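Let me begin by presenting the structure, written as structure tokens, before commenting on it.
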Amino acid sequence: MGAGSVLSASPQPHEPGQDVVQPATLADIAREAGTSASTASRALNGRGYVSDAARDRLLAVADRLGYVPNASARTLKQRRSRVVGVVVSDLGNQFYATLAAGIEQVLREADYQMMVLGDNNEASEEVEGARTFLAMRAPGVIMTPVGDRATGLLRAQGVAVVEVDRRLAGVDCDAVVIDNERGGREAAMHLAGLGHTRIALLGVETDWTSDAGRLDGYRTGLRNAGLPFDERLVVRIPLHSPDTEARIEALLDEGAPTGIFAANNTLAERAWWVLRRRGLRIPEDVSLVGFDDVPWMEMVDPGITVVEQPTLELGRRAARLLLRRLGGPTLTTAVEILQPRLVVRGSTGPVQA
């Protein structure tokens with residue numbers, strides 16, 4: 001099963017009088033293949049010795065009878081499941097989809113499955129997701145946190161937690177993040193190096209370490225370039241704000257920036273649309289730098305200069321940290337910091353006189 005797969009299905013409706021086909025059991029497989037139930041269990045679960053001939057015979061019978069392992073029963077017996085919970089902020093954002101793909105690659109290799117839930121950037125929905133995974137007896141959860149309550153709830157019940165992309169937990173847990181300050185600094189210094197002195201920042205108004213780091217990096221980049229920090233050029237937009245594009249319009253009217261650093265991929269996209277709608281040329285009138293390299297940024301003309309995150313590797317590292325924690329509950333807390341990379345494309349150019 002892949003990301004987000006469900007391990008058991010509800011009974012399907014059937015017409016009155018219609019026979020309901022019962023799923024094959026281990027005993028059925030063993031009887032049909034002429035082996036003991038314990039041999040069938042070892043072969044189908046991939047644990048313990050079974051001769052090649054017996055395994056091949058059992059697997060062929062299992063396929064023919066449509067045998068599906070009872071994951072729920074196994075969970076009750078072992079007191080924990082092989083399903084890892086993953087909670088991400090926005091299922092529609094390519095960044096989170098790529099992150100989940102990296103997580104799934106590593107978990108699948110370790111014979112774990114994952115179930116993905118979206119919390120829509122709402123702490124209350126994140127807590128509900130945590131409760132869901134507690135009910136499923138998930139041994140661990142990987143999350144892009146929006147608050148600290150869910151992590152606290154999970155850790156109090158002995159569930160391993162890995163925070164990814166940002167750190168918000170009020171309790172000890174492993175984490176893997178990006179050097180966001182470096183990313184913001186390189187974006188600002190890139191624009192300054194092209195002669196821009198009025199460099200704006202579009203960010204999200206949160207207390208997340210990711211957003212704070214990008215803002216701090218932007219300020220450091222300006223300082224390194226000998227430019228003053230101007231509050232009028234900083235627009236921090238609340239999550240789910242209905243007037244994002246209006247705020248960008250106001251920035252262009254009142255701040256007159258020649259360069260814009262949009263500190264996530266959704267803000268970069270909204271800024272690109274506003275610039276196009278106003279008939280402003282990129283980069284001749286306004287240079288644009290984004291954060292997170294998602295597919296549309298290479299498809300537009302000119303392509304978008306971006307602070308690229310190793311998103312797939314971010315997911316892989318998070319999964320490895322979780323597996324490490326499951327294998328060693330008393331190990332020292334680990335925090336890994338991955339490095340972003342500035343990818344220069346056609347959306348940035350020298351400031352026009």
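The values are calculated or read from the model by the stated rules, or taken from the named source; none is laboratory data. These numbers come from a predicted model, not from an experiment. Here the Cβ positions follow ideal geometry from the backbone for every residue, glycine too, while neighbour counts run over all protein chains shown. Heads up: the accessible areas ignore ligands, DNA and RNA and are worked out on the full protein's heavy atoms, side chains in. Shrake-Rupley method; radii C 1.70, N 1.55, O 1.52, S 1.80 Å.
Tabulated data
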{"item": "Where a residue in region 164-193 is on the phi > 0 side of the Ramachandran plot and open to solvent by less than 40 Å² (accessible area, probe 1.4 Å) and its partner, wherever it lies, is at pLDDT 95 or above and β-branched (Val, Ile, Thr), with Cβ under 8 Å and at least six apart", "result": "165/144; 165/177; 165/178"}
{"item": "Residue match in region 233-241 (condition: touching a residue at least 40 places away in the same chain (Cβ under 8 Å), of a type in the set (Val, Ile, Thr) and surrounded by 15 or more Cβ atoms within 10 Å (Cβ to Cβ))", "result": "no"}
{"item": "Tally, over region 29-44, of residues that are hydroxyl-bearing (Ser, Thr, Tyr) and open to solvent by 40 Å² or more (accessible area, probe 1.4 Å)", "result": "2"}
{"item": "Residue satisfying condition, being touching a Leu at 6+ places or on another chain (Cβ under 9 Å), basic (Lys, Arg), modelled with pLDDT of 95 or more and assigned to a helix (DSSP H, G or I), within set 276, 270", "result": "270"}
{"item": "Residue within region 310-328 that is modelled with pLDDT under 95, outside any helix (DSSP H, G or I) and open to solvent by 20 Å² or more (accessible area, probe 1.4 Å) present", "result": "no"}
{"item": "Filter pass, residue 144 being over 17 Å from residue 264 (Cβ atoms), of a type in the set (S, T, N, Q) and open to solvent by less than 60 Å² (accessible area, probe 1.4 Å)", "result": "no"}
{"item": "Leading residue by the ranking (surrounded by the fewest Cβ atoms within 10 Å (Cβ to Cβ)) among those in region 152-163 that are of a type outside the set (A, V, I, L, M) and in contact with a helix residue (DSSP H, G or I) (Cβ under 8 Å, 6 or more places away or on another chain)", "result": "157"}
{"item": "Number of the condition not met by residue 121 [criteria: (1) on the phi > 0 side of the Ramachandran plot; (2) touching a strand residue (DSSP E or B) at 6+ places or on another chain (Cβ under 6 Å)]", "result": "(2)"}
{"item": "Residue within region 269-284 that is within 26 Å of residue 104 (Cα to Cα) and either open to solvent by 10 Å² or more (accessible area, probe 1.4 Å) or without any contact (Cβ under 8 Å) to a residue 60 or more places away in the chain (or both) present", "result": "no"}
{"item": "Failed item in (1) modelled with pLDDT of 90 or more; (2) touching a Ser or Thr at 6+ places or on another chain (Cβ under 6 Å), with residue 137 passing the rest", "result": "(1)"}
{"item": "Complete set of residues in region 266-306 that are within 20 Å of residue 241 (Cβ to Cβ) and small (Gly, Ala, Ser)", "result": "268, 271, 290"}
{"item": "Every residue from region 197-232 that is open to solvent by less than 40 Å² (accessible area, probe 1.4 Å), of a type in the set (A, V, I, L, M) and not in a helix (DSSP H, G or I)", "result": "199, 200, 201, 202, 204, 227"}
{"item": "Pick from region 45-73, criterion surrounded by 13 or more Cβ atoms within 10 Å (Cβ to Cβ) and in contact with a Lys or Arg (Cβ under 8 Å, 6 or more places away or on another chain), ranking: modelled with the highest pLDDT", "result": "50"}
{"item": "Filter result for residue 301 (in a helix (DSSP H, G or I), over 30 Å from residue 142 (Cβ atoms) and open to solvent by 10 Å² or more (accessible area, probe 1.4 Å))", "result": "no"}
{"item": "Any chance residue 262 is within 19 Å of residue 89 (Cα to Cα) and in contact (Cβ under 8 Å) with a residue 24 or more places away in the chain", "result": "yes"}
{"item": "Pair list, Cβ < 6 Å and 6+ apart or interchain, from region 107-134 residues that are part of a strand (DSSP E or B) to residues that are open to solvent by 50 Å² or more (accessible area, probe 1.4 Å)", "result": "113/1; 114/3; 116/3; 118/91"}
{"item": "Filter result (under 20 Å from residue 171 (Cα atoms), in a loop (DSSP other than H, G, I, E, B) and β-branched (Val, Ile, Thr)) within region 329-346", "result": "330, 332, 333"}
